[in-house]
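The structure under discussion appears below in the form of structure tokens.
What follows draws every value from the coordinates through simple rules; no lab data is involved. Owing to the predicted nature of the structure, the values given are computational and were not obtained by experimental measurement. Because the Cβ atoms are built from the backbone with ideal geometry, glycine has one as well, and the counts that use them run over all protein chains shown.
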Amino acid sequence: MTQMLPDKDVRILLVDDEPSIRKIVSLLLRNEQTTLFEATNTTEAHDLLRREKPDIMLLDIGLPGESGLQFLERIQDELGETLVIMSTGVDDALVAAQAMRLGAKDYIVKPYNHGTFLSSIRSALEKRELVRENQRYKEGLERTVAERTKEVQEAQDATVFAMAKIAQSRDDETGLHLERMRDYSIALASHMLEEEHAIVDSAFVLDLFRSAPLHDIGKVGIPDAILLKRDRLTPEEFTLMKTHSIIGAQCLDGAAELATSKVGSFLRMGKEVARHHHESWDGSGYPDGLAGTDIPLSARIVSLADFYDALAFPRVYRPTSFPHENIRNMISELRGKKFDPEIVDVFLANEDKFVSIRVRSADESVYDEFPPG
Ligand SMILES: [Fe+2]
Ligand SMILES: [Fe+2]
């Protein structure tokens, strides 16, 4: 007799109280590569199901005590990958339907016919294999999509960051201001995320990481004579300098509109940051004179980070930098004036991070110690 089941060890749990049926089943399976477990009631069946995790459970409906259907209903959540085939002595469509509803894969009537019996087992196994294959395919596809998305995202981040670096390179000789801006902003935002701030979720933190470097992108529109001037700017020059916030927002506006909603969220935040990073909490900033929470939170965070870094590292117009303590005192004094009081408090709680970002950055840049030119 030829083998009908797949050529591997199929584990079958037979639950039947009639010895003659158990004998028949073992005869029907004698040419197949199977391991047969036998139970005469649902208590034994439950034990074997848990211990042996069979591929198939052949479950008699008319068992003494708890019926096969009651048992199936009770252990539905424990079936895992075990396929259930109900068996009964009466061909009752209603019972069959009920069993299927409870998750049984098939229904066979005793006495078993050799062909029907094996093909029922076989088709249940095949269906399960199909489901597994489908699942594997889906997982593979999801992995590929996730990998591609990540690649695209990384390429996009790198491009945008490179753009920002070009804009920044003219007045940032050491070139690490933008990296530090990311770090300070994230230090503040992550603290707010941990404190369950109403606006800050993980998407906000990620968008801020990408958009903080864009704050001064509008400097591309400021002439060298003003941007690189070593002396104090005249009022006219300062007026022109201030337009970098508007120019930056305009640059990013088109890009943000072109991008789809999910991808574009950091560009929209970048636009806010570019336009409003020089606003003050008390309304005395530029370009719009916004006050309090009318200033986007992203811009309020970046504003403090930018102020800190401007004083922590020398600039074209100011060759000296300040110790951390001095900058901290200045920021504390500007609490509720230039800066959002809440963000000042977050800064004060994370001072050590600011110090280490500063120290690390100074270590990484050889130009800080040997300024070129
Ligand atoms: Fe700026
Ligand atoms: Fe800056």
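Glu236 - would you say it is farther than 16 Å from Ile217 by Cβ and buried (at least 23 other Cβ atoms within 10 Å of the Cβ)? In short, no. Selection within the stretch 176-199: residues that are under 18 Å from Phe339 (Cα atoms) and more than 13 Å from ligand 2 (Cβ to nearest atom). The member of this set that is surrounded by the most Cβ atoms within 10 Å (Cβ to Cβ) is Ala189.
Within the stretch 202-238, can you find the residues that are within 14 Å of ligand 2 (Cβ to nearest atom) and either over 13 Å from Leu267 (Cα atoms) or in contact with a Gly (Cβ under 8 Å, 6 or more places away or on another chain) (or both)?
Of everything in the stretch 202-238, those that are within 14 Å of ligand 2 (Cβ to nearest atom) and either over 13 Å from Leu267 (Cα atoms) or in contact with a Gly (Cβ under 8 Å, 6 or more places away or on another chain) (or both) turn out to be Ser211, Leu214, His215, Asp216, Ile217, Gly218, Lys219, Val220, Ile222, Leu227.
Exactly one residue out of Thr116, Thr159 is of a type in the set (S, T, N, Q) and under 29 Å from Phe313 (Cα atoms): that is Thr159. Candidates are the residues of the stretch 306-350 that are part of a helix (DSSP H, G or I) and in contact with a Lys or Arg (Cβ under 6 Å, 6 or more places away or on another chain); the one that is farthest from ligand 1 (Cβ to nearest atom) is Pro341.
When you scan the stretch 210-233, how many residues do you find that are within 16 Å of ligand 1 (Cβ to nearest atom) and either aliphatic (A, V, I, L, M) or surrounded by 18 or more Cβ atoms within 10 Å (Cβ to Cβ) (or both)? Of the residues in the stretch 210-233, 15 are within 16 Å of ligand 1 (Cβ to nearest atom) and either aliphatic (A, V, I, L, M) or surrounded by 18 or more Cβ atoms within 10 Å (Cβ to Cβ) (or both). Residues in the stretch 281-334 that are closer than 25 Å to Phe204 by Cβ, charged (D, E, K, R) and free of Cβ contacts under 8 Å to residues at least 60 places away in the same chain: Asp282, Asp288, Asp294, Arg300.
For residues in the stretch 247-272 being among the β-branched types (Val, Ile, Thr) and either more than 16 Å from ligand 2 (Cβ to nearest atom) or outside any helix (DSSP H, G or I) (or both), which is surrounded by the most Cβ atoms within 10 Å (Cβ to Cβ)? Out of the qualifying residues, it is Val263.
In the stretch 150-175, of all residues being within 20 Å of Leu252 (Cβ to Cβ), within 16 Å of ligand 2 (Cβ to nearest atom) and among the charged types (D, E, K, R), the one that is surrounded by the fewest Cβ atoms within 10 Å (Cβ to Cβ) corresponds to Arg170.
Pairs meeting the criteria (first residue in the stretch 148-160 and on the phi > 0 side of the Ramachandran plot, second residue surrounded by 10 or more Cβ atoms within 10 Å (Cβ to Cβ), beta carbons under 9 Å, at least 6 apart or on different chains) are lacking. Taking Ala164 as meeting all but one of (1) over 21 Å from Gly264 (Cβ atoms); (2) hydrophobic (A, V, I, L, M, F, W, C); (3) within 15 Å of ligand 1 (Cβ to nearest atom), write down the number of the exception. Among (1) over 21 Å from Gly264 (Cβ atoms); (2) hydrophobic (A, V, I, L, M, F, W, C); (3) within 15 Å of ligand 1 (Cβ to nearest atom), Ala164 violates only (1).
Residues of the stretch 214-234 that are within 18 Å of Arg318 (Cα to Cα), among the β-branched types (Val, Ile, Thr) and not in a loop (DSSP other than H, G, I, E, B): Ile226 alone.
Summed over the stretch 273-299, the residues that are of a type outside the set (Ser, Thr, Tyr) and within 15 Å of ligand 2 (Cβ to nearest atom) give a count of 9.
Could you tell me which residue of the stretch 169-209 is farthest from Arg360 (Cα to Cα), considering only residues that are among the small types (Gly, Ala, Ser) and away from ligand 1 (no atom under 16 Å from the Cβ)?
Narrowing the stretch 169-209 to residues among the small types (Gly, Ala, Ser): 169, 175, 185, 187, 189-190, 198, 202-203.
Remaining after also requiring away from ligand 1 (no atom under 16 Å from the Cβ): 175, 187, 189-190, 198, 202-203.
Values: Gly175: 14, Ala187: 14, Ala189: 20, Ser190: 19, Ala198: 31, Ser202: 25, Ala203: 26 Å.
The residue in question is Ala198.
Of Glu44, Glu38, all but one fail to be without any contact (Cβ under 8 Å) to a residue 60 or more places away in the chain, part of a helix (DSSP H, G or I) and of a type in the set (Asp, Glu); the exception is Glu44.
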